[in-house]
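Here, each number is a calculation from the coordinates, and none is a lab measurement. The structure presented is a predicted model; accordingly, all values stated were derived computationally and were not measured. Note that we place each Cβ from the backbone using ideal geometry, even for glycine, and neighbour counts take in every protein chain shown.
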Amino acid sequence: MCRRDEAGLFFAPSKEPTAARLAREEAAKRVCARCPVMVECREHALLQPEPYGVWGGLTAAERRVVLARRRRREVELRKAAATERIAQAG
Ligand code: SF4
């Protein structure tokens, strides 16, 4: 499937027009949706992080959103834990 990427679905060619990019990404996502390792692939791409291409059904821009959300959640959890420690100490 994406390993050979013979259809060129997963990575953008240079100077790709927006409409073509959106269509290509949707086609790649349809392949990902049928892939047995989609969850693992997505997590790998998020952890690396992979800066380009469709991985695990997410575009690079969508992965950046997920990562930003995760970072915000981590900060909130750390703040909550710190507040809890202060409350317990006080
Ligand atoms: S989920 Fe990952 S391994 Fe599966 S088709 Fe998509 S990019 Fe390829």
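If you take the residues in region 1-40 that are away from the ligand (no atom under 13 Å from the Cβ) and small (G, A, S), which one is surrounded by the most Cβ atoms within 10 Å (Cβ to Cβ)?
In this case the residue turns out to be A12.
Looking only at region 41-61, filter to residues that are near the ligand (Cβ under 8 Å from one of its atoms) and aliphatic (A, V, I, L, M); which one of those is surrounded by the most Cβ atoms within 10 Å (Cβ to Cβ)?
Out of the qualifying residues, it is V54.
Which of the residues belonging to region 22-51 are of a type in the set (D, E, K, R) and over 15 Å from D5 (Cβ atoms)?
E26, R34, E40, R42, E43 - these are the residues of region 22-51 that are of a type in the set (D, E, K, R) and over 15 Å from D5 (Cβ atoms).
Only one residue in R30, R21, R42 is in a helix (DSSP H, G or I), under 18 Å from L67 (Cβ atoms) and among the charged types (D, E, K, R), so which one is that? Spell out how you get there, then give the answer.
Working: R30 fails: under 18 Å from L67 (Cβ atoms); R21 fails: under 18 Å from L67 (Cβ atoms).
None of the other options fit; the residue is R42.
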